[in-house]
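In what follows, a single structure is set out as structure tokens and then discussed.
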Amino acid sequence: MAPALDVCIRGAGIVGRTLALLLARERLRVGLVDYSAPAAGDLSDIRAYALNPASRELLEMLRAWPDEAHATPVVAMQVHGDEGGEVSFDAADQGAAALAWIVDVAALLDRLGEALRYQPLVERLQAPQPAALTVVCEGRASATRAEFGVQFEVTSYPQRAIAARLSCEKPHGLVARQWFADGEIVALLPMGGSLTGAQGNSVALVWSVREERAGALLAMDPAAFALEVEQATGREAGAMVVTGERASWALQLARADRWCGPPGWVLAGDAAHTVHPLAGQGLNLGLADARALAGVLRDREYWRKVDDLKLLRRYERSRKADVLAMSATTDGLQQLFAQPAGPWTLLRNWGMTGFEHSGPLKHWVARQAMGRL
């Protein structure tokens, strides 16, 4: 007997929900396995993602883009090295309204969930069911990968990410700011405000700190922690106040040796690859996976079924090159700025200055990050 489902997606995070909506548009019967609901105060309440224009267009097509209060445009980005090196990007130089949007995770999940409620071809499941094709979207801790014999090659960074929300004395001006110093990376992402309204004073912090001092920072009271952030950012945002809980997770570079195989399975999102968050591209890569897989299934020859291995390998080939390039870029930058002072300091800041004045190269990198190539 043929399975009742065409596709079973294991994992109902952002990538899994997006893929379910895309496949339902192609008239495929989809089961979406949601193992557990997030608890109050979960990481999803704290983290924010930088989504590029390509990701926004995809989510808008699915009517799942968050409202203005939960999607803040980034009109410029400023990156500071440890010895005077600086790089800046401006949306106007790219002919765009924004370089990216900083989006609340909880708000995006809610919008995707609302869209799914109106999609009769998607069935919410508590456990996997038989299907012609299984898509693994369980995240980097996926248990299903091992069932399919996939090797997940992990390189752990000697850093942990700390996420928090803060209110700042000075408005952020819709500018994302990042500092590389002492082997650590601090990013302040604008939250609240719009292109037409008042500019906000709230920011999402993503701080990649050395493993040995992450515990001490997390143990600080909110006022002391805010002072540490002020110092790390040169008080560019003025005085700060922590406005919620803090969260932390280990950082790693990882990729699966295979993304698909018999009998009809495929990986997408963090189940297939993870990168350092310094470029803010992790979720953009996952959403690009969903778009590519849905496109391959949509455009398949009429005689091919959705679990055809040649078909799934088209998807794997179409995504591996982009993921490898982003992995190499983020890993190279992390390794470069993790080197101790000395000649490395001169080299990396000289490189930043040269890149800032590189013209076409800088423009190409900006377009790549925006998903425009």
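The values are calculated or read from the model by the stated rules, or taken from the named source; none is laboratory data. Nothing here was measured: the structure is a model prediction, and the numbers come from that model. Note that each Cβ is placed from the backbone with ideal geometry, even for glycine, and that neighbours are counted across all protein chains shown.
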message: Can you find, within region 140-188, the residue that is nearest to VAL105 (Cα to Cα) among those that are β-branched (Val, Ile, Thr) and assigned to a strand (DSSP E or B)?
response: ILE162
- prompt: Restricted to region 243-270, and to residues that are aliphatic (A, V, I, L, M) and modelled with pLDDT under 95, which residue is nearest to ALA204 (Cα to Cα)?
  reply: ALA247
Whichever residue in region 138-162 is of a type in the set (D, E, K, R) and in contact (Cβ under 8 Å) with a residue 24 or more places away in the chain and, among such residues, is nearest to TRP259 (Cα to Cα): ARG145
- request: Sort out which residues of region 208-229 are surrounded by fewer than 18 Cβ atoms within 10 Å (Cβ to Cβ) and small (Gly, Ala, Ser), and write them in order of number.
  value: GLY215, ALA216, ALA219, ALA223, ALA224
field: Which numbered condition ALA176 fails, given (1) surrounded by fewer than 21 Cβ atoms within 10 Å (Cβ to Cβ); (2) within 22 Å of SER327 (Cβ to Cβ)
entry: (1)
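Being closer than 30 Å to VAL209 by Cβ, acidic (Asp, Glu) and touching a residue at least 60 places away in the same chain (Cβ under 8 Å) is the filter here, so list the residues in region 277-322 that pass it.
Within region 277-322, just ASP289 meets the criteria.
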statement: Out of (1) at pLDDT below 85; (2) out of contact with any helix residue (DSSP H, G or I) (no Cβ under 6 Å at 6 or more places or on another chain); (3) closer than 24 Å to SER167 by Cβ, the one ASP45 does not meet is (2)
- prompt: (1) farther than 26 Å from TRP179 by Cβ; (2) of a type outside the set (Gly, Ala, Ser); (3) modelled with pLDDT under 85; (4) more than 18 Å from the chain's Cα centre (by Cα): which one isn't true of ASP93, the others all being true?
  reply: (1)
